[in-house]
1. State the extension gain, in nm to one decimal, for the chain segment bounded by Ser97 and Ser59, taking 0.36 nm per residue of separation less the distance between their alpha-carbons.
2. Going by Cα centres, segment 31-91 and segment 108-131 are how many Å apart?
3. Can you give the extra length, in nm with one decimal, that the chain gains between Asp114 and Met85 once fully stretched, where that is 0.36 nm per residue apart less the Cα-Cα distance?
4. Hey, can you grab everything whose amide H is under 5 Å from the amide H of Phe21? Only 5+ residues off in sequence or another chain; H modelled, so Pro and N-termini drop out.
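Just so you know, all these numbers are worked out from the coordinates, no wet-lab data involved. Source: prediction; values computed, not measured.
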Amino acid sequence: MVETDTAKINDDGSIEFKGLFVYYYSNPESPDVKKYCVPIYTTVKLDQVPWRWHDVKSSDDLVNPVWDTKLNTWVEASAKTQTQMLAKLQDDLNDTSKKIATLQENQTKQDASDKRLDTLQQMQLTLTNTIGQMNGQINSIASTMKQVVDGLNSKNNSAEPSEPMEGSDKND
């Protein structure tokens, strides 16, 4: 057995620490499971622990503890534990609620756009009908004017002047 001021190594290889403060580092986002719960020993008591450090030890019944930032406690790292499943379901429910709200907002906008489009289509149909009516009236006026012009032309062609007009000379 080896003993120092701060630690004692037992014959079985276990270490006992004296006068040390223990903090626990946990990175739940790490792909390395070894970083889920790492004890950190120091001779200094920290008033505030750094990010991802915790001064609370995980429960001894947790096989692979990891700090859950949403629950603010240690949980089993397995995704099959009830706490983890509930946290995942809650996240999924929140995501689904946000998506539903977004879809409802988009549907409201789409309905307003559809209403504006229907109004524009009705206006275009009215304009098309009005233009069609105007074309019919213009064609009718053009036909009437053609008849008047044709009538005047045929009258002028068939009639010979009986007397010369004033100021005109027959010898011209």
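1. 10.3 nm
2. Answer, in whole Å: 60.
3. 6.2 nm
4. Sorted by chain and number, the residues that satisfy this are Thr42, Thr43, Val44.
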